[in-house]
Amino acid sequence: MNNRLINSAMRTFALSAVVALGIAGCASTTETETTEDTTGSSETTTDAGESYRIAIMPKAINIGYFSAWDEGAQAACVELGATCDYIGPNEATGPAQVQFINQAIQEGYDAIVISAADQNAIVPALEEAIAAGITIVTSDADVAAESASARLVTILPSAADRIGTAEVDWIAEEVGEEGSVAILSASATAANQNVWIEAMGPYLEATYPNMSWVGGSLESAVFYGDDDATKSVEQFNAILSQYPDVAGIIAPTTVGVLAAAQEKKAKGATVAVTGLGLPSEMAPYIEDGTIAKVGLWNPIDLGYVAVYAAVLGMQGEFDGSVGSTFTAGGTSYVVIEGGIAYLGDPFTFTIDNIATFKEIY
Ligand code: RAM
């Protein structure tokens, strides 16, 4: 079976899993704006009585992680009767995303749910969208903290320090708490990558006295693969040639960790690799022992919750202010300082549970 078929089979499985878990049916806050059709499904509508049109915008459209994120978004859209289009660039950059934000403005979308490829470059375009009456929710990767007013709320997996420090623990376990470590990141412009990496620096230094960053500092240890498979392989090889003694590589990106696993296997390299990996993509490398452990939250849930926040925001049920709450899939989310709602800590995947997780996302 090729990747496309595998992915599509998984999407079907995961969607039924989401529904089976009882996440459906939570549009109860929509009394004045919800209509029941004869099939019993709910539809949320604009003032003009049309269903909401939402652009679901990944960093880049060809990344498996975002297909899963979109799957959750689409499940929420079905429940809420919204019309959702998955649109975005082929490369994970701010300028490439701006073209799609502008397109969404021109086409009159009601909301954009977006993972920001660039925490700054997309902000003016988001502000134009807001001026045009479009509701913005960031999800997965936010805009810069000082630009928080460019979105209603951000839906993130969990606190940056929890994600960053967990990855340091995973690599420490793999290398026996000894040796130097490099980071194969997605991009210097992505807020999620930056906040996780910032949290890794002091934690490794404080917790593992016999470990260090390659080149002697956190800054020198970070290589960027731009969430592009080819460039990530190049950067993996650049790490090995620049630092032949490197003990471990943390790749906090599904694209980077997959590229690193593939290249590690192809080369027979001994460097330990961990990071944030999609279980369906990483399974072959966990099953054959190339990789011992990676982790990730459920991107399906992340997309699902973000669409709920956007629709409830448009309906005036939720204003994104600190302390405000909203419900999605039977779970209540509270907005904390910075306009952030968190989903939950990452799961970890090893040979003991990969067979189950790879079927879900
Ligand atoms: C990649 C993207 C995404 C990140 C995951 C872990 O797919 O960079 O933003 O959250 O990895």
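Read the figures in this text as sums done on the coordinates, not as results from a lab. Values in this document were obtained by computation on a predicted structure and should not be read as measured data. Virtual Cβ from ideal backbone geometry, glycine too; neighbours counted across all protein chains shown.
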Full-stretch length increase - Glu146, Ala238 - with 0.36 nm per residue and alpha-carbon distance subtracted: 29.7 nm
Just to be sure I understand: with springs between alpha-carbon atoms less than 10 Å apart, which residue in Gln106, Gln74, Gln235 has the highest mean-square fluctuation in the Gaussian network model of the chain? Gln106
Choose one answer from Tyr224, Tyr86, Tyr208: the residue with the largest mean-square fluctuation in a GNM of the chain with alpha-carbon springs under 10 Å. Tyr208
Normalise the Debye intensity by I(0) for the chain, one equal point scatterer per Cα, no solvent, then take log10 at q = 0.13, 0.14, 0.15 Å⁻¹ and round to two decimals. -0.98, -1.12, -1.26
Starting with the fewest neighbours, write out Ser232, Ser51 ranked by other beta-carbon atoms found within 10 Å of each beta-carbon. Ser51, Ser232
What whole-number distance in Å separates the alpha-carbon centres of the range 202-234 and the range 288-359? 26
Place a +1 charge on the Cβ of each Lys and Arg in the range 160-296 and a -1 charge on the Cβ of each Asp and Glu, then give the dipole magnitude about the Cα centre in debye, rounded to the nearest 20. 200
How long is the gain from Thr325 to Ala355 if the chain were fully straight, where each residue apart is worth 0.36 nm and the alpha carbon distance is subtracted? 7.3 nm
At 222 nm, what helix-only mean residue ellipticity would the chain give, in deg cm²/dmol to the nearest 500, using -39500 (n - 2.57) for each DSSP H run of four or more? -13000 deg cm²/dmol
FRET efficiency for Thr46 and Ala131, using Cβ-Cβ distance with R0 set to 25 Å, rounded to 0.05: 0.90
What is the list of residues in the range 83-101 whose amide nitrogen lies under 12 Å from a point 7 angstrom out from the Cα of Asn62, following Cα to Cβ? 89-92
Nitroxide proxy distance, nm - points 7 Å out along Cα→Cβ at Ile336 and Gln106: 4.1
If you take the square roots of the eigenvalues of the alpha-carbon gyration tensor of the range 63-118 and sort them as a ≥ b ≥ c, do you get rounded (a/c under 1.5), prolate (a/b over b/c) or oblate? oblate
Order these by the 10 Å Cβ neighbour count, fewest first: Asp352, Asp142. Asp352, Asp142
Build a GNM of the chain with springs between Cα atoms under 10 Å: which of Thr207, Thr254, Thr189 gets the top mean-square fluctuation? Thr207
Report relative contact order for the range 160-296 in percent, whole number only (criteria: Cα-Cα under 8 Å, sequence separation at least 6). 27
Is there a quick way to get the dipole size of the chain? I mean about its Cα centre, with the Cβ of Lys and Arg at +1 and of Asp and Glu at -1; what is the value in debye to the nearest 20? 780
Under the classification rounded if a/c is under 1.5, otherwise prolate if a/b is larger than b/c and oblate if not, where does the range 160-296 fall, given a ≥ b ≥ c as square roots of the Cα gyration tensor eigenvalues? rounded
Could you line up Ser149, Ser115, Ser241 from fewest to most neighbouring Cβ atoms inside 10 Å? Ser241, Ser149, Ser115
Mind ranking 305-311, 265-271 by how tightly packed they are, going by the mean number of other C-beta atoms within 10 angstrom, highest first? 305-311, 265-271
I'd like to know which of Gly268, Leu240, Ile197 lies farthest towards the positive end of the charge dipole of the range 160-296, counting +1 on Cβ of Lys and Arg and -1 on Cβ of Asp and Glu. Gly268
Environment charge of Ile54, counting only residues whose C-beta is closer than 12 Å and scoring Lys/Arg +1, Asp/Glu -1: -3
